[in-house]
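Report on one structure; see the data block that follows.
What follows draws every value from the coordinates through simple rules; no lab data is involved. If you're wondering where the values come from, they're calculated on a predicted model, not measured in any experiment. Quick reminder, even Gly has a Cβ in these numbers, built from the backbone with ideal geometry, and neighbours come from all protein chains shown.
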Amino acid sequence: MAVRQCPVENMEINFWRAKRVFLTGNTGFKGAWLSVWLDSLGAKVYGYALKPNTVPSLYELCRLGKSTRTTISDIRDADKLRKALLAARPEIVIHMAAQPLVRESYRRPAETYEVNVMGTVNLLEAVRRCGSVKAVVNVTTDKCYENKERLRGYKEGEPLGGYDPYSSSKACSELVCAAYRDSFFNPAGCGRHGVALATARAGNVIGGGDWAADRLIPDIIRAAVKGEKVLIRSPRAIRPWQHVLEPLAGYLLLAEKLYTRGPRYAGAWNFGPGAGDAKDVEWIVKRMFAAWAEAPGYLIDKGRHPHEAHYLRLDSSKARRELGWAPRWHAGQAIDRIVAWTRACAAKRDMRAMCLEQISEYTAK
């Protein structure tokens with residue numbers, strides 16, 4: 001049953017009812033959470049994604065194959081993507097399909113660029129040929145900035161870059177969107193073409209239902225469930241940790257604003273936690289074990305690893321000021337929700353209901 005909860009105070013609760021939404025990457029961790037939320041708000045979700053690549057997967061646990069109309073295919077297949085988009089006739093497009101892992105991008109750099117850059121091009125080309133679309137949100141990452149390892153957060157207008165193929169590919173995706181916005185979806189001509197295009201950059205997103213490889217929280221959970229000590233790398237590396245519902249609330253609010261007042265909100269947006277939630281890896285591990293007392297602890301992996309940024313933080317003042325978006329759960333609260341979600345999963349509870357319960361807690365705060 002739909003919970004019909006508003007993401008933030010200034011979002012119209014009835015906005016999403018019957019809206020046709022085309023969501024790429026809906027079988028992934030963030031995409032599955034967003035699918036559950038959109039369905040609860042009454043939206044008609046049309047997905048386009050690969051098969052879930054983890055066992056278990058949040059997509060399957062939440063039975064999303066029954067509530068969303070999903071085309072299982074590759075974002076690199078431009079013809080199939082175009083046909084799926086035209087068939088869905090969406091009003092709103094949220095692009096989340098990606099190769100999302102830094103370490104995987106070292107192993108498969110060409111594929112990372114193909115998916116993250118040409119996948120974005122393929123989607124925007126399809127949007128150009130679909131007259132029903134009014135709003136497009138392309139989800140990228142905080143890692144798209146040229147990271148100078150400084151303490152001050154990055155603002156939307158600062159230089160893009162990327163040391164590793166993943167970060168670079170997401171910066172490229174941002175540049176693709178900027179070029180398409182200027183060339184084909186220019187805000188000054190919105191009355192003619194009808195499309196408002198924005199990009200959304202979020203921090204290190206955590207939450208229940210993430211089983212991806214080479215991610216800190218899933219690595220901790222896998223080890224704890226097995227009763228093994230977890231190996232952690234880069235214990236002093238600092239990241240902007242945030243629960244998955246934080247950026248998703250931002251994406252929903254941004255999509256609504258693009259739909260209702262497009263030209264003003266077309267552009268780039270940061271959705272990151274407050275400065276107090278820029279924690280190092282070891283802090284997160286210790287806080288996780290404090291909430292999960294039976295977990296056996298951790299060891300520092302002293303082996304050699306590919307380069308990853310030491311410090312990165314977003315300045316989200318634009319989203320706070322112009323969208324009315326703000327974080328609600330600090331890092332410790334996010335970890336408590338992850339542990340509660342994981343315990344419920346281990347107890348064979350209805351995980352769709354558990355996701356809706358946490359969405360309700362978030363929206364009620």
Give the long-range amide H neighbours of Ile206: residues separated by 5 or more places, or on another chain, with amide H under 5 Å away, using H modelled in the peptide plane at 1.01 Å from N.
Gln242, His243, Val244
I need the shape label for the stretch 2-156. Rule: rounded when a/c is under 1.5, else prolate if a/b > b/c, else oblate, with a, b, c from the alpha carbon gyration tensor.
rounded
Would you be so kind as to identify all helices of the chain, as entire DSSP H runs, whose Cα atoms reach 20 Å or more along the helix's own axis and whose mean Kyte-Doolittle hydropathy is at least -1.0?
165-183, 245-265, 331-346
Taking the Cα atoms of the stretch 174-332 alone, what are Rg (to one decimal) and Dmax (as a whole number) in Å?
19.1, 61
With an 8 Å cut-off on Cα pairs and a minimum separation of 6 or more residues, tell me the relative contact order of the chain in percent.
19 percent
Please check the chain for the longest run free of GluC sites (Glu not before Pro) that are loop-located per DSSP (anything but H, G, I, E, B) and have at most 14 other Cβ atoms within 10 Å.
13-145
How much net charge surrounds Ser183 when only the other residues with a Cβ under 14 Å from the Cβ of Ser183 are counted, with Lys and Arg +1 and Asp and Glu -1?
+1
Give a residue-ordered list of calculated ³J(HN,Hα) values for the stretch 193-204 (Karplus: 6.51 cos²θ - 1.76 cosθ + 1.60, θ = phi - 60°; whole Hz; x for Gly, Pro).
8, x, 10, 10, 10, 9, 10, 10, 10, 10, x, 6
Loop only by DSSP, 10 or fewer other Cβ within 10 Å of the Cβ. Give me the trypsin sites (Lys or Arg not before Pro) in the stretch 188-287 that pass, ordered by residue number.
Arg236
In vacuo Debye sum over C-alpha of the stretch 73-120, base-10 log of normalised intensity I(q)/I(0) at q = 0.22, 0.31 Å⁻¹, listed in q order, is -0.79, -1.17
Tell me the label only: which of (1) 123; (2) 164; (3) 314 is volume of the Cα convex hull per residue in Å³ as calculated from this structure?
(1)
